[in-house]
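To start, the structure itself, in structure tokens.
The values are calculated or read from the model by the stated rules, or taken from the named source; none is laboratory data. Note that the structure is predicted; figures quoted are calculated from it, not measured. Glycine gets a Cβ as well: all are built from the backbone with ideal geometry, and neighbour counts include every protein chain shown. Ligands, DNA and RNA are stripped out before the accessible areas are found, and what is left, the full protein with its side chains, is counted by its heavy atoms. Shrake-Rupley method; radii C 1.70, N 1.55, O 1.52, S 1.80 Å.
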Amino acid sequence: MGGGGGGRRREEIEGELKKLRAERKELDARIRLLESQLEVGPVGVGGAAAEEGVVDGSCDGSVACRGRGGNGFAPDGGLPADMIYRYSRHLLLPDFGVEGQRKLSQSSILVVGAGGLGSPVALYLAACGVGCLGIVDGDDVELNNLHRQIIHKEAYVGEPKVKSAADACREINSSVKVVEHQHTLRPCNALEIVRKYDIIVDATDNLPTRYMISDCCVLLNKPLVSGAALGLEGQLTVYHHNGSPCYRCLFPSPPPVAACQRCSDSGVLGVVPGVIGCLQALEAIKVATAVGEPLCGRMLLFDALSARIRIVKLRGSLPDCTICGKKSAFTEQDFQKFDYENFTQSPMSDKTAPSVDLLPENARITSRDYKSMVDNAEPHLLLDVRPTHHFQITSISPSLNIPLSMLEEKLPVLETSLKKRAAASGKEPSLVVLCRRGNDSQRAVKLLREKGFASAKDIIGGLQAWGRDVDPDFPVY
Amino acid sequence: MHLTLEFGGGLELLLENSTKVHKVEVPPKDGEEKVTMKGVLSWAKTNLIKERPEMFVKGDSVRPGVLVLINDCDWEICGGLDAVLEEKDVVVFISTLHGG
Ligand SMILES: [Zn+2]
């Protein structure tokens, strides 16, 4: 990404900015340390501020988050003047008040995933003054995240999401202890990390991780505020709290892989995870403060298109649930050994797409092979089987678009195009099939060969391979 | 019997024009007086689902990962497949989402 404009000079300014920001951070930390010494009296009891901004780089994570005095509250339980001012609008709420704010400031909350859901969760939890905020994520910020993952700024593209999110939270509220867990949550590290927090927020983007977090929360007896969003819909509930079910009570067996839509395939309107994430922050605050009725044993279903929210009653925790049932034999050792990716047949990431392998080698060509076909002016027809709205984003010209779902009924159209091409070139054209990643193109070629198009071949890796190996300027999406 | 059947969470993609809400008339099965959820499922599979029925049903129930709600209540609480429906009931089939 060139980004436009004054290359060298821009770099110099950015370097200078980076240096100045680091200096400012250092100064801020020293100021907070001195202030905390003034507040607490003789040389910092625990030094809350000095410890702040810890990075947990290891898998076992040695930073403890539990059982510390709440931020801002003096040991005698009174609120210092600046905290009264800062949280005054909370304190004015009769149902919330000083007690609510005190509980909040003593709570530790873990947000798993710093993406579309996690962004508003972390921002609101930091702003509202929780005691300790942990953020787990192993990914880096990408440009195509920014339309919905509003915690991240352009300057952080390429940086770890956890660092970006933690910096944003600290900028909003320097009195909150923000802990960075810069790795993907897995059975090997989940127990250690989750154990340190009172409340867990599932803001992840994939099925195996959802099963894993739920199992982990049951084992460690933590309430789980779970949100999900895709396309124009969102879902929200609180698992394993006040008699509510766990994820396995609701979904004992995982859905078939073909039913697992992902944001990176199906798309998502940015504000939809934003709405669900805000509600997750709200539920986490309610659980932390015991104010109101959390969404236990109920699920909120949000349909953005029709502007409808429906709240439905769920079954309670199942007595014979294999994980949270009374007779469950599921142990921490079982958990650490459990293969969630195998169980769900899907990867613990939204980005790695499960790829299929349906065709013999001689029915496939690489994107480079296709490039030389074009360069040598070999007569052929390029058939793009992506959905029409994908084709409208970008395409290789000239190509014929027939979405895979309509291919069978539109075979006559294909036939006509091939005949035209044959008449124009005086030779039998070959048929090359293309899609986004090289999965649907295989399904299409399989179908075409069954229907008598014996020469049909697909391009391995689809447009992504084309963009990577042939035309670096081709827009990827 | 007049029922409203709604599909969400991506299940609507299996229906004509991806329409989410369907006001329908579901007759009892031959030789029966009542309409049960089992009957509604097989009726919907035959009359509404246009493609990939395996994405909707498995055996004689819904496929894993689909929540069924009768008048905004989990069907597990209402009797599951044997739940008996009443005039103007609203049945929602919703696929669980995993994205974020
Ligand atoms: Zn359970």
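Among the conditions (1) more than 12 Å from chain A (Cβ to nearest Cβ); (2) within 30 Å of A:Q345 (Cβ to Cβ); (3) touching a residue at least 24 places away in the same chain (Cβ under 8 Å), B:K45 misses just one, which is (3).
Among helices (runs of 4 or more DSSP H) entirely within segment A:77-122, having at least 1 residues that are on the phi > 0 side of the Ramachandran plot singles out A:97-105.
Matching residues to (1) touching an Asp or Glu at 6+ places or on another chain (Cβ under 7 Å); (2) within 16 Å of the ligand (Cβ to nearest atom); (3) within 14 Å of chain B (Cβ to nearest Cβ):
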| site | (1), (2), (3) |
| --- | --- |
| A:L230 | no, no, yes |
| A:Q235 | no, no, yes |
| A:G243 | no, yes, yes |
| A:C246 | no, yes, yes |
| A:C249 | no, yes, yes |
| A:V257 | no, no, yes |
| A:V271 | no, no, yes |
| A:Q280 | no, no, yes |
| A:K286 | no, no, no |
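Residues that are open to solvent by 80 Å² or more (accessible area, probe 1.4 Å), out of contact with any helix residue (DSSP H, G or I) (no Cβ under 8 Å at 6 or more places or on another chain) and in a loop (DSSP other than H, G, I, E, B) do not occur anywhere in segment B:43-57.
Within the set A:D334, A:D265, the sole residue that is open to solvent by 20 Å² or more (accessible area, probe 1.4 Å), without any contact (Cβ under 8 Å) to a residue 40 or more places away in the chain and among the charged types (D, E, K, R) turns out to be A:D334. The set of residues from segment A:350-372 being part of a loop (DSSP other than H, G, I, E, B) and open to solvent by less than 30 Å² (accessible area, probe 1.4 Å) comprises A:D350, A:L359. For B:G10, the conditions (1) open to solvent by 30 Å² or more (accessible area, probe 1.4 Å); (2) modelled with pLDDT under 95 are fulfilled apart from (1). Can you find even one residue in segment A:351-361 that is closer than 30 Å to A:Y124 by Cβ, within 14 Å of chain B (Cβ to nearest Cβ) and in contact (Cβ under 8 Å) with a residue 60 or more places away in the chain? Yes - at least one qualifying residue is present in segment A:351-361.
When we screen A:K196, A:K222 for residues that are of a type in the set (K, R), within 16 Å of the ligand (Cβ to nearest atom) and open to solvent by 10 Å² or more (accessible area, probe 1.4 Å), the only hit is A:K222.
Mind listing whichever residues of segment B:13-28 are part of a helix (DSSP H, G or I) and either surrounded by fewer than 18 Cβ atoms within 10 Å (Cβ to Cβ) or more than 14 Å from every other protein chain (Cβ to nearest Cβ) (or both)?
Result: B:L13, B:E16, B:N17, B:S18.
Among the residues making up segment A:148-193, those that are in a helix (DSSP H, G or I), open to solvent by less than 10 Å² (accessible area, probe 1.4 Å) and of a type outside the set (G, A, S) are A:V162, A:C169, A:N189, A:L191, A:I193. The set of residues in segment B:63-100 that are under 13 Å from A:L314 (Cβ atoms) and buried (at least 16 other Cβ atoms within 10 Å of the Cβ) comprises B:L67, B:V68, B:L69, B:I70, B:C73, B:D74, B:W75, B:E76, B:C78, B:V92, B:I94, B:T96.
For A:G316, the conditions (1) within 16 Å of the ligand (Cβ to nearest atom); (2) surrounded by fewer than 20 Cβ atoms within 10 Å (Cβ to Cβ); (3) within 20 Å of the chain's Cα centre (by Cα) all hold with the exception of (3). Flag set for A:L300, criterion: farther than 20 Å from B:V62 by Cα and either assigned by the TED database to the domain that holds A:D139 or within 16 Å of the ligand (Cβ to nearest atom) (or both). Just one of the numbered conditions (1) over 30 Å from B:R52 (Cβ atoms); (2) within 16 Å of the chain's Cα centre (by Cα) is not true of A:P273: (1).
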